[in-house]
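The values are calculated or read from the model by the stated rules, or taken from the named source; none is laboratory data. The shown structure was predicted, so the numbers you read here are calculated from the model rather than taken from an experiment. Glycine also receives a Cβ, built like all others from the backbone with ideal geometry; neighbour counts cover every protein chain displayed.
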């Protein structure tokens with residue numbers, strides 16, 4: 001659960017989501033009026049059951065979403081890039097607008113080429129080291145989630161990687177982290193035997209997707225960074241967990257838990273997020289620009 005939002009996010013989050021278009025989703029009204037592929041109870045981001053319509057590129061009501069002032073990636077371009085019938089945040093493989101693959105959990109954005117063992121926030125506009133003060137070194141993980149980074153506990157960077165994350169890192173990254181994951185792309189997902197690294201590769205090709213969670217060769221085990229983590233709570237929608245546990249919420253409450261000032265999204269009957277937000281594991285999260 002996201003226990004806080006950065007100060008800058010907190011101010012902006014007062015904007016209401018009601019009645020606006022969810023970025024990367026199709027407006028149900030447009031689907032009902034003949035928009036391509038309007039559906040109900042489809043599978044949404046992170047496995048959310050959603051009432052938003054699906055459809056082809058260019059269908060009425062879809063708004064492109066760029067990644068922090070960068071170009072629109074696959075999960076924000078209003079195109080069904082993997083031809084599975086789901087577009088952008090309706091696609092269960094999409095974990096935010098800074099995600100350039102609708103077919104795997106691999107982000108496929110600058111810095112995720114496996115050539116550098118040092119990583120920063122996995123879910124922002126890049127994942128190289130240093131620009132948001134988050135730091136991880138995959139050669140310090142005994143599970144070796146990246147074959148290009150063999151375990152080396154004597155590496156000088158392991159001390160820095162083991163240190164608590166800075167407040168700057170938490171403010172910049174944690175609001176973007178889907179429920180069930182840490183800041184560096186290691187996630188505890190139902191169906192996986194251990195926490196798995198979303199950016200897993202075999203011979204340079206991305207391999208971790210919803211159908212491979214139980215295969216440690218394709219979804220490689222990793223060690224969760226519990227100091228920079230958004231754990232999956234019982235009353236939350238999470239990666240691979242499309243609904244909160246039974247009994248969550250009351251008659252006048254949304255069933256899933258979300259951060260303060262954040263609206264729920266994706267479940268049946270819930271409004272779309274505003275244009276400055278993206279539906280990440282059942283909650284409207286402000287996309288940092």
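Within the stretch 270-286, restricting attention to residues that are assigned to a loop (DSSP other than H, G, I, E, B) and buried (at least 24 other Cβ atoms within 10 Å of the Cβ), which residue is modelled with the lowest pLDDT?
Of the stretch 270-286, the ones assigned to a loop (DSSP other than H, G, I, E, B) are 270-276, 281-282.
Now narrow it down to the ones that are buried (at least 24 other Cβ atoms within 10 Å of the Cβ): 272-273, 281-282.
Details: 272: 78, 273: 81, 281: 93, 282: 92.
If we take residues in the stretch 270-286 being assigned to a loop (DSSP other than H, G, I, E, B) and buried (at least 24 other Cβ atoms within 10 Å of the Cβ), then 272 is modelled with the lowest pLDDT.
Can you tell which of 85, 76, 107 is at pLDDT below 90, over 18 Å from the mean Cα position of the chain (by Cα) and either under 22 Å from residue 239 (Cα atoms) or exposed (fewer than 15 other Cβ atoms within 10 Å of the Cβ) (or both)?
Numbers: 76 fails: over 18 Å from the mean Cα position of the chain (by Cα); 107 fails: over 18 Å from the mean Cα position of the chain (by Cα).
Step by step, each of 85, 76, 107 is checked, and only 85 is at pLDDT below 90, over 18 Å from the mean Cα position of the chain (by Cα) and either under 22 Å from residue 239 (Cα atoms) or exposed (fewer than 15 other Cβ atoms within 10 Å of the Cβ) (or both).
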* Which of the residues that make up the stretch 148-207 are surrounded by fewer than 19 Cβ atoms within 10 Å (Cβ to Cβ), touching a helix residue (DSSP H, G or I) at 6+ places or on another chain (Cβ under 9 Å) and on the phi > 0 side of the Ramachandran plot? -> 191
* Yes/no for residue 225 being more than 21 Å from residue 104 (Cβ to Cβ) and at pLDDT 95 or above -> yes
